[in-house]
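No value in this document is a laboratory result; all are computed from the given coordinates. As the structure is a prediction and not an experimental result, all values here were calculated from the model. Every residue, glycine among them, receives a Cβ derived from its backbone with ideal geometry; neighbour counts consider all protein chains shown.
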Amino acid sequence: MFNLIKKISFALVLSLPLGVNADITSLFKSEMPSLAPMLEKVTPAVVNIYTLRNVKQKQQNPFRDDPFFRKFFNMQSHKKKKERNRAGLGSGVIINKDKGLIITNNHVIAKATDIKVRLSDGREYKAKVVGNDSATDIAIIKIEADNLMSLKFANSDDLRVGDFVVAIGNPFGIGQTVTSGIVSALGRSGLGIEAYENFIQTDASINPGNSGGALVNLNGELVGINTAIIGARGSSAGSVGIGLAIPVNMALSVTEQLIKFGHVKRGILGVAAQDLTEDLAKGFGIKEKKGAIIIEVEKGSIAEKHGLKVGDIVIEMNGKKIKNSLALKNEIGLTEVGTKIKLKVISNKIIKNIVLEMVETKVAKKSNLKINQRLNGMQFSEITRNMPEYNRVEGIKIIKIRKNTKAYNSGIRANDIILSINNVPVKKIKDLELVAGSNDSELLLHLLRGNRTAFILLK
């Protein structure tokens, strides 16, 4: 484009009669397009983020903390491992200038002991975490500062492949940087990066340090949060023209909850689904070409209670078209608990409207359970569809565990899955009361961590 403009301008100059005083510099300047006016308004709302976190050396064996395993395999105790500070960096976008609220990626600030924000004008502030959600990789942090600027939000559902976009961030910590490109693809998913994936793909150069930064349209409106890159050698290799951003609509769907609760109260419908294809549509004898076919309904779920069954096809939720199973998963998973939703469903070729209220994933705290005191300090959850272990293992997942408890000192950690207690399988929260009652007896736990299992005796 530039070369074409240059050639045309040069031709015009040559065509001018001799003696005419042509201002060549002015001619070229008037023809040159620039993003500078837009960026002057946008870049003050994009910040650099610097973090410190305490890290330990990697443990080769996941059960190194267990005294029995240390003795049996002649391993050293983790207590001899030294902690050290590790610096990290990323970017963020000011979304509320009056309250100093900044949106970024959860992986940018996760487990950070110190968070520093540097504004485009050089000012620096300490930040605190308001809320975070690992499932969407979104976090909200806050600074106490005046004279801030925030960005306007675009409707990311209006994005089209081929739209021009600009990425702003802090690649490799060198300082605020602007790159441009186009929307290469929409609705990228199945990458295993996050639990809820609906990425904008762009060829605007994105590198480590850009995470949490802004992806804006040519109007300077926020369309996405830059999150990840895909490369032959991993993200550390730098950009190869495949960058991924979380659509702003998706990011904002959890922001309100993060500000209000500090976390997301994620609802669950209780179904599994697959994509409706043209061939399957013919098989069902319907005209619809897009939707989510229910292939499984969980017993006792809110879906079952409202009459949803295998073979029903969800085509809309709250008036929004459901294109595939991923869209249904995202819409359900990003809906706050207690919210009423309206589903449009094709059931036996008949269109039905079903209204239901989202219920929360079953999570139980020790204080609500009458169980053995050796399990004190733990928070449990049943394995649900939004967890990677779903349909792979049956058990009770440990969501949180307090340090210096009997369980913790025995080597049990968060994200371990209890397969059985005293050789009795446990699958539901109520099983904890039935199997590990309030008596004071020892407990033999069969645990799964990663792809390895082990028995631990809680004395």
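Quick one: what are the phi-derived ³J(HN,Hα) couplings along the range 257-265, Karplus 6.51/-1.76/1.60 with θ = phi - 60°, whole Hz, x for glycine and proline?
5, 4, 6, 7, 10, x, 8, 9, 8
Would you please give the residues with an amide H less than 5 Å from that of residue 356, counting only those at least 5 places away or on a separate chain, with H modeled from the backbone geometry?
Result for residue 356 returns 341, 343.
Where the centroid of each part is defined by its Cα atoms, how far is the range 157-177 from the range 421-459 in Å?
Value for the Cα centre distance between the two parts: 49 Å.
Work out the charge dipole of the range 363-458 with +1 on the Cβ of Lys and Arg and -1 on the Cβ of Asp and Glu about the Cα centre, then indicate which of 383, 422, 441 is farthest towards its positive end.
My answer, from the dipole projection, is 383.
If the cut-off is a Cα-Cα distance under 13 Å, which aspartates and glutamates reach residue 342, setting aside same-chain residues fewer than 8 apart in sequence?
Qualifying aspartates and glutamates at Cα under 13 Å: 316, 331, 357.
Across 10 Å bins from the origin, how do the percents of Cα pairs in the range 125-275 run, short distances first?
Over the range 125-275, the share of Cα pairs per 10 Å bin runs 11, 38, 37, 14, 1 percent.
Let me know the shape class of the range 363-458, please: from the alpha-carbon gyration tensor, a ≥ b ≥ c as square roots of the eigenvalues, rounded when a/c is under 1.5, otherwise prolate if a/b is greater than b/c, or oblate.
Values: a/c = 1.39, a/b = 1.28, b/c = 1.08.
Judged from the Cα gyration tensor, the range 363-458 comes out rounded (a/c under 1.5).
Going highest first, how would you order 241-247, 284-290 by mean Cβ packing within 10 Å?
Per-residue mean Cβ counts within 10 Å order the peptides as 241-247, 284-290.
Place a +1 charge on the Cβ of each Lys and Arg in the range 247-351 and a -1 charge on the Cβ of each Asp and Glu, then give the dipole magnitude about the Cα centre in debye, rounded to the nearest 20.
260
For the range 83-99 and the range 240-286, what is the centre-to-centre distance using only Cα atoms, to the nearest Å?
Computed from Cα coordinates, the inter-centre distance equals 26 Å.
For the range 328-342, just list the computed ³J(HN,Hα) in residue order, Karplus coefficients 6.51, -1.76 and 1.60, θ = phi - 60°, integers in Hz, with x standing in for Gly and Pro.
Karplus-based 3J(HN,Hα) across the range 328-342 equals 5, 4, 5, 5, 5, x, 9, 9, 5, 4, x, 7, 7, 10, 10 Hz.
Apply the Karplus curve 6.51 cos²θ - 1.76 cosθ + 1.60, θ = phi - 60°, to the phi angles in the range 300-307 and return the couplings in whole Hz, x for Gly and Pro.
Karplus-based 3J(HN,Hα) across the range 300-307 equals x, 6, 5, 5, 5, 4, 9, x Hz.
What does the charge count near residue 322 come to, summing +1 for each Lys or Arg and -1 for each Asp or Glu among other residues with Cβ under 9 Å from its Cβ?
Local net charge: +3.
If you take the charge dipole of the range 267-360 about its Cα centre, with +1 on Lys and Arg Cβ and -1 on Asp and Glu Cβ, which of 274, 335, 347 is farthest toward its positive end?
Towards the positive end, the residue furthest out is 347.
Using amide H atoms built in the peptide plane, which far-off residues or other-chain residues are under 5 Å from residue 312 H to H?
294
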